Amino acid sequence: MFAGRHLPQRSRDPLWHRHPPLMIVILAAFFAQTCFTLEVTVGKNPQVLARNGTDVLLPCIFSSCFGFEDVTFSWTYKTFNDSFKPEDLYKGTLKNRKSIPKAVDIPLTNERMERVELMASDDAKDYKLSLLLKEVDFHDAGRYTCIVTNKKEKNMSQNATLTLTVVEKFEVVDNTLTVIIGSVVGGVIGLLILILIIKKIITTIIKRNEDKKKDCLVSSSVNENTDNASKPEMKAKPKA
């Protein structure tokens with residue numbers, strides 16, 4: 001019935017030989033998972049505490065494994081009262097990693113803008129666009145947001161927010177109780193170790209004394225057997 005006809009056989013060639021475009025898509029998706037796009041952070045701690053009248057650095061760090069070019073960035077401030085709109089503090093542009101950030105002129109709407117200074121630096125892996133706020137006052141407390149847009153990633157934009165709290169003075173943490181507890185625990189542990197060492201020494205001494213006693217008993221038994229063996233046996237007297 002099937003004479004002269006050959007059934008098609010499934011190709012044994014690898015998938016990447018049979019479907020090169022599909023493999024390119026798969027590889028691109030794989031590397032996309034291991035390569036992060038634009039990321040903006042404010043460091044490990046988004047809560048910043050500053051003392052009244054001092055300068056405080058507000059960190060902003062961005063990175064992208066695709067690189068960046070024609071970056072635009074800005075800093076905004078907003079009070080804890082959500083009914084107020086954010087205020088512009090600083091706006092700037094960054095051509096590429098080798099260039100220096102340039103400030104963009106914006107209308108002066110608050111005196112806080114006169115007390116900020118951009119602190120930019122390149123750390124090879126990350127780029128910092130931190131903001132130095134000088135002579136902070138209690139009315140400076142609030143939320144500060146750093147916004148970064150990367151033209152190289154089709155104008156992708158990311159932001160990160162930190163909270164600034166201003167206090168009259170830093171509270172000194174009393175660690176007396178912690179030190180006392182640590183000292184007590186350390187003393188107890190040390191005492192237990194000392195007891196174990198003494199117990200070990202006493203056990204060793206007792207064992208040695210017992211071994212000496214055993215050796216003495218064995219030696220005495222051997223000597224008695226030797227003396228008995230060396231004495232001549234008494235001959236039995238003949239009966240009369």
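For this structure, a couple of remarks:
- Distance in nm between pseudo-label sites at Glu87 and Lys154 (7 Å out along the Cβ direction from Cα): 3.8 nm
- Summed side-chain charge close to Leu132 - residues other than Leu132 whose Cβ falls under 13 Å, Lys, Arg +1, Asp, Glu -1: -1
- Take the Cβ atoms of Asp126 and Thr54, set R0 to 35 Å, and the FRET efficiency comes out at 0.85.
- Compared with the alpha-carbon gap, the fully stretched path from Cys65 to Thr163 is longer by 32.5 nm at 0.36 nm per residue.
- Listed residue pairs exceeding 25 Å between alpha carbons, taken from Lys102/Lys152; Lys85/Lys134; Lys102/Lys125; Lys44/Lys134; Lys102/Lys154; Lys128/Lys169: Lys128/Lys169
- The gain in end-to-end length when the His139 to Met119 segment is fully stretched comes to 5.0 nm, 0.36 nm per residue minus the alpha carbon separation.
- Distance from the Cα centroid of region 134-211 to that of region 66-126 is 34 Å (rounded to whole angstrom).
- Estimated inter-spin distance, Lys95 and Lys214, nm [label 7 Å along Cα→Cβ]: 9.1 nm
- Couplings 3J(HN,Hα) of region 157-169, computed from phi: 10, 9, 8, 8, 10, 10, 10, 9, 10, 10, 10, 5, 7 Hz, in residue order, whole Hz [Karplus 6.51 cos²θ - 1.76 cosθ + 1.60, θ = phi - 60°; x for Gly and Pro].
Values in this text are rule-based calculations from the coordinates and carry no lab data. This structure is a prediction, so every number in the text was calculated from the model and none was measured. A quick note on method: Cβ atoms are made from the backbone with ideal geometry, for glycine too, and the neighbour counts reach across all protein chains shown.
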